[in-house]
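The values are calculated or read from the model by the stated rules, or taken from the named source; none is laboratory data. As the structure is a computational prediction, the values presented were derived from the model and not from experiment. Here the Cβ is made from the backbone with ideal geometry for all residues, glycine too, and neighbour counts use every protein chain on show.
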Amino acid sequence: MSTEREPLLEIKDLTIHYKTETGIVQAVNALNLSLMKGESLGLVGETGAGKTTTALGILGLVPDPPGIIVGGEINFNGRNLLALSEAAKRSVRGNQISMIFQDPMTSLNPVMTVGAQIAEGIRIHEKLNRLDAERKAIEMLEMVGIPGERFTEYPHQFSGGMRQRVVIAIALACNPDLLIADEPTTALDVTIQAQVLDLIAKLKAEHRTSLILITHDLGVVAEVCDKVAIVYAGRVVEYGTLDQIYNLTRHPYTKGLFGSLPDVDNDELRLQPIPGLMPDPINLPPGCSFSPRCSYCTPECTLAIPEFVEVEPGHLVRCIHHEEVRA
Amino acid sequence: MSKKVSTGFWGDAWRRLRRNNVAMVGLAILVLLVLAALFADYLAPYAYDAQDYDSVFQTSSAKHWLGTDNFGRDILSRIIHGSRVSLLVGFSSIITAIIVGGILGAVSGYYSGKVDNFIMRSMDILMAIPGMLLAISLAAALKPGLYNLVIAIAIAEVPAYARIVRSSVLSIKNQEFIEAAQCIGASDSRIIFRHILPNCMAPIIVQATLGMAGAILSAAALSFLGLGIQPPTPEWGSMLSNARQYIRDYPHMVMYPGLAIMITIFALNILGDGLRDALDPRLRN
């Protein structure tokens, strides 16, 4: 749990659309989030819920075209990132905010040594000469548990788990305030997943880095995060502490996510998946986007997008039936 | 295990190239040719324009190793001097074409949209004209001479490189490691030159070795037409065309300049293959 009460990152009404030939894809719709210093936030949602787009939005890397940031604010350390110039954004990227990608097989440059790739960020942001940057890169490599001698090797000489360590070393090389990890363990096998998560958690604690962990794996979130935001169709539908989300679930979607997980204690023959599919982001249903799949749905649900209700301190829900969900 | 030092991208490529014997033979031949070109004045037994009407059309002898031509000029000396022009034109026109075409292609592929359209349509226009014809008209429009020959050949070669680089950039720029590079705050130029271009070196280098062979032949052809190097400066192509009319009776006159061209192009090709392998760390180590 964090002790500092100063928000490091505050996203207000962030809206990002993609213009495509078939229509406007509403990837992120008035998304609100806040993250304290040193805290870990789990951003959970299905594929296509807008998690990665949000992360790219924070980094100012939404591909344009087709992406357009329609509105909102991303306040980071008191500055609105969306208002910064391209050069200023570059000096934030990698230095104050950095990102770990999903697939370590493709997120490293195949023709550069891992050492050079770690050193690159250091050289861009810290104005060190080559030798000093390399020395620091070797330190980073050893910090993530790879012998420094492997500095001159190429990515293809490393295994998947090792490569993800290299990616982590690159991301942490400039000691960022915020680390965004976009499904960092999806491409790894289960034993390596645990190692990589432990490493992220350990380094995060050592460096007092805040973390946004993007995932669809609630188990991973439970291991690493303090706060959880459940994202559905580009909106945060429930936000709270780990305990609030896992034990005092208030949103039908969150409940559905837990219902579709296998439980070791109960011998269930069938899982209970959420019926239906994610709505087409080009034609979102009116009102609550989850209403077509929701068993609590009443006619009022389709009238307006439900407001965020604070059901208890720090626990926000976008559902008019949140009382019934708890019951 | 030998001790490995951090030598960077090119250092490692050189380490791998050194282990490839065939490529090293190619490199050795090219180095010899370059040395011959540089020190032609000291190496050549005779001056390239020294005529000797008492010994025309001679075949190989101790006095003239590769024989003499229709003016009694020593063929070996002319080939050694001719390597200057051929190599110079080959290297400099291809390097010019790679730089210009590479930058145009990289910018075009990386930024896409209107910039891409403008650049690539201009390249299409250039490509629509047959390369040789374009080089001939350019060489004719500019005054004949070494530099204009280089410019004419380079312009004709530019679109090929622009296209190759553009297509490589297009296939590479959407890969995750480019996004990762953006995430650490790398600038566009850094991404293009440090991340994208090294990844598309292989096709550029293969094209460059073939293109250089082609450029040497183009230079020869232009010289043959009188648009390139002016006599009496020796040039392999013009030696060939000059010898063409004596091919029936004195085949050695065509054979030796032809061999010179062949060996050069052969060396360039095997070196190119070796470089392609050396520059791709996935292929060998």
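Observations
- The listed residues are B:Ser122, B:Ser108, and the only one of them that is over 30 Å from B:Arg248 (Cα atoms), hydroxyl-bearing (Ser, Thr, Tyr), out of contact with any helix residue (DSSP H, G or I) (no Cβ under 7 Å at 6 or more places or on another chain) and part of a helix (DSSP H, G or I) turns out to be B:Ser122.
Each row is one residue, and each column tells you yes or no for (1) loosely packed, with under 15 Cβ neighbours inside 10 Å; (2) within 28 Å of the chain's Cα centre (by Cα); (3) farther than 21 Å from B:Ile191 by Cα; (4) charged (D, E, K, R).
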| site | (1), (2), (3), (4) |
| --- | --- |
| A:Gly121 | no, yes, no, no |
| A:Lys127 | yes, no, no, yes |
| A:Arg130 | yes, no, no, yes |
| A:Ile146 | no, yes, yes, no |
| A:Thr152 | no, no, no, no |
| A:His156 | yes, yes, no, no |
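- All conditions in (1) part of a loop (DSSP other than H, G, I, E, B); (2) in contact with a helix residue (DSSP H, G or I) (Cβ under 9 Å, 6 or more places away or on another chain); (3) over 24 Å from B:Ala152 (Cα atoms) hold for B:Arg248, with the sole exception of (2).
- Residue satisfying all of: in the range B:171-200; more than 7 Å from chain A (Cβ to nearest Cβ) and outside any helix (DSSP H, G or I); farthest from B:Ile98 (Cα to Cα) among these: B:Asn174
- Annotation: A:Ala187 fulfils all but one of (1) hydrophobic (A, V, I, L, M, F, W, C); (2) part of a loop (DSSP other than H, G, I, E, B); (3) more than 30 Å from A:Pro7 (Cβ to Cβ); (4) over 17 Å from the mean Cα position of the chain (by Cα); the unmet one is (4).
- Yes/no for A:Gln244 being assigned to a helix (DSSP H, G or I), in contact (Cβ under 8 Å) with a residue 60 or more places away in the chain and within 22 Å of A:Leu56 (Cα to Cα): no
- Annotation: A:Thr20 fulfils all but one of (1) more than 18 Å from the chain's Cα centre (by Cα); (2) surrounded by 15 or more Cβ atoms within 10 Å (Cβ to Cβ); the unmet one is (2).
- Hey, B:Phe193 at pLDDT 85 or above and among the aromatic types (Phe, Trp, Tyr) or not: yes
- Helices (runs of 4 or more DSSP H) within the range A:83-152 that include 3 or more residues at the interface with chain B (Cβ under 8 Å from one of its Cβ atoms): A:86-92, A:114-126
- Enumeration of residues in the range A:230-253 that are touching a helix residue (DSSP H, G or I) at 6+ places or on another chain (Cβ under 7 Å) and under 19 Å from A:Phe290 (Cα atoms): A:Ile230, A:Val231, A:Tyr232, A:Val237, A:Glu238, A:Ile245, A:Thr249, A:Arg250, A:His251, A:Pro252
- The range B:21-33 residues that are in a helix (DSSP H, G or I), paired with ones that are among the polar types (S, T, N, Q) and surrounded by fewer than 19 Cβ atoms within 10 Å (Cβ to Cβ) (beta carbon under 9 Å, 6 or more apart): B:Gly26/B:Asn269
- Listed by first and then second residue, the pairs with beta-carbon distance under 6 Å, at least 6 apart or on different chains, first residue in the range A:67-79 and under 16 Å from A:Ala55 (Cα atoms), second exposed (fewer than 15 other Cβ atoms within 10 Å of the Cβ) and of a type outside the set (Val, Ile, Thr), are A:Gly72/A:Asp13; A:Glu73/A:Asn80.
- Output for the range B:127-156, where each listed residue is surrounded by fewer than 17 Cβ atoms within 10 Å (Cβ to Cβ), in a helix (DSSP H, G or I) and not aromatic (Phe, Trp, Tyr): B:Ala128, B:Met132, B:Leu133, B:Ser137, B:Ala140, B:Ala141
- The residues on offer are A:Pro306, A:Pro292, and the sole one that is assigned to a helix (DSSP H, G or I) and free of Cβ contacts under 8 Å to residues at least 24 places away in the same chain is A:Pro292.
- Sole exception among (1) surrounded by fewer than 18 Cβ atoms within 10 Å (Cβ to Cβ); (2) more than 11 Å from chain B (Cβ to nearest Cβ); (3) not charged (D, E, K, R) for A:Gln164, by number: (1)
- Of A:Ile69, A:Ile74, all but one fail to be of a type in the set (A, V, I, L, M, F, W, C), more than 14 Å from every other protein chain (Cβ to nearest Cβ) and under 24 Å from B:Tyr111 (Cα atoms); the exception is A:Ile69.
For every residue, the table says whether it meets (1) of a type in the set (D, E, K, R); (2) surrounded by fewer than 23 Cβ atoms within 10 Å (Cβ to Cβ); (3) modelled with pLDDT of 85 or more.
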residue: A:Val228; (1), (2), (3): no, no, yes
residue: A:Val231; (1), (2), (3): no, no, yes
residue: A:Arg235; (1), (2), (3): yes, no, yes
residue: A:Ile245; (1), (2), (3): no, no, yes
residue: A:Leu248; (1), (2), (3): no, yes, yes
residue: A:Leu257; (1), (2), (3): no, yes, yes
residue: A:Leu271; (1), (2), (3): no, yes, no
residue: A:Asp280; (1), (2), (3): yes, yes, no
residue: A:Glu300; (1), (2), (3): yes, yes, no
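- Considering each residue of the range B:159-169 in turn, none proves to be buried (at least 24 other Cβ atoms within 10 Å of the Cβ), small (Gly, Ala, Ser), within 14 Å of chain A (Cβ to nearest Cβ) and more than 17 Å from the chain's Cα centre (by Cα).
- Failed criterion for A:Gln96 (all others in (1) touching a Phe, Trp or Tyr at 6+ places or on another chain (Cβ under 9 Å); (2) within 30 Å of B:Lys114 (Cα to Cα) hold): (2)
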